[in-house]
Amino acid sequence: MTTTRPDTLTDEFLESLVARVPSTGGGTWKLTEVYTGEVLVELPQSTPADIETAFARAREAQAEWSQWPLRKRLAVFKRAHTLLVDNAHTTTDLIQAESGKNRRMAMEETCDPPMVISHYLKRAPRLLAPTRRGGPVPVVSSSTEIRQPKGVVGVIAPWNFPFATGISDAVTALMAGNGIVLKPDNKTALSPLYGVSLLEQAGLPKGLFQVVCGEGPDVGPTLIDNANYVMFTGSTATGRVIGERAGRNLIGCCLELGGKNPMIVLDDAVVDDVVAGALFGVFGNTGQICMHIERIYLPDSLYDEFRSKFVAAAEGLRLGATYDFGPELGSLISVDHRDRVASHVEDAVAKGATVVTGGRARPDLGPAFFEPTVLEGVTQDMLAGSCETFGPVVALHRYASVDEAVALANDTDYGLNASVWGTDLDRAAAVGRRIQSGNVNINDSLAAAYASKGTPSGGVKQSGVGARHGDQGLLKYTDVQNLAVLKKPVLGPKPGQDYAEYAKQMLTGLKVMRRTRIR
């Protein structure tokens, strides 16, 4: 196994990436390699004036980009698809270095933008084409729905999937004719910067896709105040702030926020299948997935068998700080986040919960490693029972009836993702429909829903507003223009016509329209 930094990540290469970030104030942020804590590069920090300049440049480029025929715009993304796939290993190196995730997960993250591109290359021509409809008076009037780009979209991407969210969320906005100003998290700016460089190699006009960097409170307000629409992925607390400011500016926003995602195992489920699915659903990306499972509800008949097999599987997971495909789990994003995860476990134990396995930091592997952890006896008064932990921690619970399991699953302010397992698919789906969640996976933890690019994916309750993917994932970046045409002036009474006579004709016409279904 190799523990040395990949040869691709040269100082020259990293410096070329961060040189894209506008910064006139001279401030920098030490972007570190998570596995070691060593500084990879000094990341320039953008001032409010830099952000305003970035929007001006993106807006200038967008004015021309929006006039390109759709076929010409989509040709850029056909070439980009090839470049993204061909350079996936370099992207994977960057993702690992900046986020600390294991290579398997980093490689899978690189697949998301090509998947999004593939779907919308097929779907965009139909969604963005003008749609002609009838007008108020048959034959002599018509109305056409035209999709116009919003302008410049502000994308705020999180640290847990910086490349997937930073690039994929931008792709659909760009296809619709918008410009982009992206603010990645300081910790994980390298992979999205590389993604922008690949898009420009594919023919995206320079200046159209801007990247600004800085801490959220420093750069967020200026970004929102200059954007025509905001796409945000992150915490519910920050989402509220962004939604409030977007509302004051009378612009739209899409917010994918936190979750406390449940899994319900029905009594006819195959335990071995559930264990394998839960292993990824709980510990994938070291638990740093918005849709990952933090609560598992099991019937008494399966509890002991599942507990035994799941704990053994969790204890067998390979952790490591290497740039090969060996480790099944990587690091948490930072020491601060490791301490937050540990505090949830410590709080639970102090209030009566039991650690079945794990529960400890692993400084022998790297600064921010934490063991896969399984808890029992977790209650709502504990941080691990009610708050999003966002780490490799799960609580096991028994239930006596399906009604009780559904009630427990819904006993949360969140509603992002849920999972139901059972061999009777109709029964499992019926249970899934009762869960208050934007995504529900049957016999899977999370990937089946998220990878279904043709269907919208978003949260309900405190887990968000709007959705990515599906038709909505593209159309949200457009405004609707109603272009109505009247061939001759027939709306209203004729000159000199008695209005009572006109009113009679009008009401008779409404009856005729209803009978003939003329709209």
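The values are calculated or read from the model by the stated rules, or taken from the named source; none is laboratory data. What you are looking at is a predicted structure, and each value in this text was computed from that prediction instead of being measured. Cβ coordinates were reconstructed from backbone atoms using ideal geometry, including for glycine residues, and neighbour counts include every protein chain displayed. Note: accessible area is taken over every heavy atom of the protein model, side chains too, but ligands, DNA and RNA are not part of it. Shrake-Rupley method; radii C 1.70, N 1.55, O 1.52, S 1.80 Å.
Observations on the structure shown:
- Residues of region 309-327 satisfying the condition of being over 18 Å from Leu279 (Cβ atoms) and buried (at least 16 other Cβ atoms within 10 Å of the Cβ): Ala321, Thr322, Tyr323
- Matching residues in region 56-77 - criterion: being open to solvent by 60 Å² or more (accessible area, probe 1.4 Å) and touching a residue at least 60 places away in the same chain (Cβ under 8 Å): Arg57, Arg59, Glu60, Glu64
- Looking only at region 302-334, and only at residues there that are free of Cβ contacts under 8 Å to residues at least 40 places away in the same chain and either out of contact with any helix residue (DSSP H, G or I) (no Cβ under 7 Å at 6 or more places or on another chain) or not hydrophobic (A, V, I, L, M, F, W, C) (or both), the one that is nearest to Met105 (Cα to Cα): Arg318
- When Lys122 is tested against (1) in contact (Cβ under 8 Å) with a residue 40 or more places away in the chain; (2) part of a helix (DSSP H, G or I), only condition (1) is not met.
- Residue tally, condition of a type in the set (Gly, Ala, Ser) and more than 18 Å from the chain's Cα centre (by Cα), over region 146-191: 4
- Selection count, region 121-141, where residues are open to solvent by 60 Å² or more (accessible area, probe 1.4 Å), over 28 Å from the mean Cα position of the chain (by Cα) and under 30 Å from Asp169 (Cα atoms): 2
- Residues located in region 91-145, provided they are within 30 Å of Gly326 (Cβ to Cβ) and among the charged types (D, E, K, R): Asp93, Glu98, Lys101, Arg103, Arg104, Glu108, Glu109, Asp112
- Residue list for region 182-204, restricted to those being in a helix (DSSP H, G or I) and basic (Lys, Arg): Lys187
- In region 403-519, counting only strands (runs of 3 or more DSSP E) that sit wholly within it, the ones holding 1 or more residues that are exposed (fewer than 14 other Cβ atoms within 10 Å of the Cβ) span 478-486.
- Qualifying positions in region 18-54 - under 19 Å from Thr92 (Cα atoms) and surrounded by 15 or more Cβ atoms within 10 Å (Cβ to Cβ): Val18, Leu31, Thr32, Glu33, Val34, Tyr35, Thr36, Leu40, Val41
- Any chance Ser118 is within 30 Å of Ile333 (Cβ to Cβ), hydroxyl-bearing (Ser, Thr, Tyr) and open to solvent by 10 Å² or more (accessible area, probe 1.4 Å): yes
- Of the listed requirements (1) open to solvent by 10 Å² or more (accessible area, probe 1.4 Å); (2) under 27 Å from the mean Cα position of the chain (by Cα), Gly330 misses just one: (1).
- Screening Thr92 on (1) within 19 Å of Phe163 (Cβ to Cβ); (2) free of Cβ contacts under 8 Å to residues at least 24 places away in the same chain; (3) part of a loop (DSSP other than H, G, I, E, B) shows it passes everything except condition (3).
- Some residue of region 362-371 being free of Cβ contacts under 8 Å to residues at least 40 places away in the same chain and either basic (Lys, Arg) or open to solvent by 10 Å² or more (accessible area, probe 1.4 Å) (or both): yes
- Count of residues meeting criterion [more than 26 Å from Val21 (Cβ to Cβ) and either hydrophobic (A, V, I, L, M, F, W, C) or over 25 Å from the mean Cα position of the chain (by Cα) (or both)] in region 53-84: 8
- For first residues located in region 419-433 and free of Cβ contacts under 8 Å to residues at least 60 places away in the same chain, partners that are part of a helix (DSSP H, G or I) and surrounded by 15 or more Cβ atoms within 10 Å (Cβ to Cβ) and lie 6+ apart or on another chain with Cβ distances below 8 Å do not occur.
- Residue in region 264-308 that is most open to solvent (accessible area, probe 1.4 Å), counting only those that are of a type in the set (Gly, Ala, Ser) and closer than 24 Å to Arg434 by Cα: Ser301
Residue-by-condition table, conditions (1) within 25 Å of Pro48 (Cβ to Cβ); (2) free of Cβ contacts under 8 Å to residues at least 40 places away in the same chain:
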| residue | (1), (2) |
| --- | --- |
| Val181 | yes, no |
| Leu193 | yes, no |
| Glu200 | no, yes |
| Gly203 | no, no |
| Met231 | yes, no |
| Gly243 | yes, no |
| Gly247 | yes, yes |
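- Residue ID - modelled with the lowest pLDDT, chosen from residues in region 1-17 that are surrounded by 10 or more Cβ atoms within 10 Å (Cβ to Cβ) and assigned to a loop (DSSP other than H, G, I, E, B): Met1
- For Leu223, the conditions (1) part of a helix (DSSP H, G or I); (2) open to solvent by less than 10 Å² (accessible area, probe 1.4 Å); (3) within 30 Å of Tyr399 (Cβ to Cβ) are fulfilled apart from (3).
- Among the residues of region 450-478, the ones that are more than 18 Å from Leu255 (Cβ to Cβ) and out of contact with any Lys or Arg (no Cβ under 6 Å at 6 or more places or on another chain) come to 6 in all.
- Count of residues meeting criterion [of a type in the set (A, V, I, L, M, F, W, C) and open to solvent by less than 10 Å² (accessible area, probe 1.4 Å)] in region 142-156: 3
- The C-beta contact set for region 273-289 (first residue on the phi > 0 side of the Ramachandran plot and in contact (Cβ under 8 Å) with a residue 12 or more places away in the chain, second residue open to solvent by 10 Å² or more (accessible area, probe 1.4 Å) and assigned to a helix (DSSP H, G or I), distance under 6 angstrom, 6+ apart or interchain) comprises Asn285/Met105.
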